[in-house]
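Step one of this worksheet: look at the structure below.
The values are calculated or read from the model by the stated rules, or taken from the named source; none is laboratory data. Here the structure is a predicted model, which means the values were calculated and not measured. Here the Cβ is made from the backbone with ideal geometry for all residues, glycine too, and neighbour counts use every protein chain on show.
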Amino acid sequence: MSLRALISLSSLSKPRPLQTVLALGLIAAALSASAQDKVLNLYSARHYQTDEALYADFTKTTGVRIQRVEADDAGILARLKAEGTASPADVILLVDAARLWRGEQEGLFQPVKSALLEQRVPAQFRGGETAQGAQWFGMSTRARIVIYDKSRLKASDVDSYEKLSNPALKGMLCVRSGSHPYNLSLFGSMLEHLGPQATENWLKGLVANMARAPKGGDTDQIKGVASGECGVAIANSYYFARLMRSSKPEDQAVVEKVGVLFPNQSSWGTHVNIAGAAVARNAKNREAAVQFLEYLASESAQRYFADGNNEYPVAAGSKPNAALSSLGNFKAETVPIAKVGANTAVVQQMLDRVGFK
């Protein structure tokens, strides 16, 4: 029986008591089922506990409950391809430009035309722009910064990415795997700036300067500099900001021992990567999906990115948290993130040739 029929039944001019009770009970059940139908299926590569508040705020504001599946970027793209048109995914959240570009190329997203998103998200942080809208939108950024041992090096020794391949730094560089998305995107950016041959020579220089084989995450690289194992390292800004905001004495000791800088301030600017969102190609709840993307670009959500996970807000006018602000303003590169993503396949071949594991 339809909800309209149930309402008609409940408003009969002379209902018997039992009829009234049954009718009202059925109406309440139907309304409850309708409310429960407001579900957004989210596939997310973000594994930050602080995002829970972000999702809870969206549900409180809209009444739409978020049902989440978590995996890494590559796993999410593989799952979307395997599920095809049967996929329940409505929104995809990824944490790297290269993965967003790959999802776009594989036809896993659908374009979104939104005046709010176009106003709040700068063009360089949008992908696959067409007359029907963009395929994906960056929602937060993180800078790829340089960490160095203040007792062994001056800032001028390492104030550009190019200088990290200088033979004077032999045996000093610590870095995570070259094939990690964070590095692939940086290297894709370098390819855009330097061209193929110079980029490959630069990568060869990085390998020659390594203090040890690539291992661990960005926090491990920072701690490696503090311990003296490394002289210089590359890390994302939010890892360093986490240590800055930590109440642990050992983390504060790390912060005190190292220097930090934004490279290439006298040239093209520091490389930035993004966390971004897209509406899935086969989204069943497109309206709620677009609503969620617009919410992520809102001032309140941008504050969650900044305060919860130490990311730089992408929306114009939104401010970073106090820890990041204390590092000062910096010049960011303006290479479109979509181009960076497109370069990563070529970069991976270079890494194989130079032996960058």
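Scanning segment 240-271 for residues that are surrounded by 17 or more Cβ atoms within 10 Å (Cβ to Cβ), under 23 Å from the mean Cα position of the chain (by Cα) and without any contact (Cβ under 8 Å) to a residue 40 or more places away in the chain returns a single hit, 243. Tell me yes or no: at least one residue of segment 150-173 is under 30 Å from residue 46 (Cα atoms), in the same structural domain as residue 342 (by TED's automatic domain parsing), at pLDDT below 95 and among the polar types (S, T, N, Q). No, that holds for no residue.
Here residue 320 fulfils each of the conditions (1) touching a residue at least 40 places away in the same chain (Cβ under 8 Å); (2) touching a Phe, Trp or Tyr at 6+ places or on another chain (Cβ under 7 Å) apart from (1).
Name the residue that is nearest to residue 255 (Cα to Cα), counting only residues in segment 110-144 that are surrounded by 21 or more Cβ atoms within 10 Å (Cβ to Cβ), more than 16 Å from the chain's Cα centre (by Cα) and aliphatic (A, V, I, L, M).
Looking at the filtered set, the residue picked out is 117.
Residues are listed down the side, and each one gets a yes or a no for (1) at pLDDT 95 or above; (2) buried (at least 21 other Cβ atoms within 10 Å of the Cβ):
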| residue | (1), (2) |
| --- | --- |
| 278 | yes, yes |
| 282 | yes, no |
| 294 | yes, no |
| 306 | no, yes |
| 312 | yes, yes |
| 334 | no, no |
| 343 | no, yes |
| 347 | yes, yes |
| 355 | yes, no |
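For segment 127-148, check the following and say yes or no: at least one residue is assigned to a helix (DSSP H, G or I), more than 15 Å from residue 271 (Cβ to Cβ) and either hydroxyl-bearing (Ser, Thr, Tyr) or not assigned by TED's automatic domain parsing to the domain that holds residue 95 (or both). No, segment 127-148 has no match at all. Scanning segment 167-181 for residues that are out of contact with any Gly (no Cβ under 7 Å at 6 or more places or on another chain) and either surrounded by fewer than 22 Cβ atoms within 10 Å (Cβ to Cβ) or basic (Lys, Arg) (or both), we see that the one that is farthest from residue 348 (Cα to Cα) is 168. Filter segment 314-331 down to residues that are within 16 Å of residue 116 (Cα to Cα) and either at pLDDT 95 or above or surrounded by 18 or more Cβ atoms within 10 Å (Cβ to Cβ) (or both), then give me how many there are. Final tally of qualifying residues: 3. Of the helices (runs of 4 or more DSSP H) lying entirely inside segment 249-344, those containing at least 1 residues that are in contact with a Leu (Cβ under 7 Å, 6 or more places away or on another chain) span 249-257, 286-296, 299-309. Here the helices (runs of 4 or more DSSP H) wholly within segment 1-78 that include at least 2 residues being modelled with pLDDT under 95 and outside the structural domain of residue 283 (by TED's automatic domain parsing) are 3-10, 17-36. When segment 154-191 is filtered for residues that are of a type in the set (Gly, Ala, Ser) and part of a loop (DSSP other than H, G, I, E, B), the ones remaining, listed by number, are 160, 171, 177, 178, 179.
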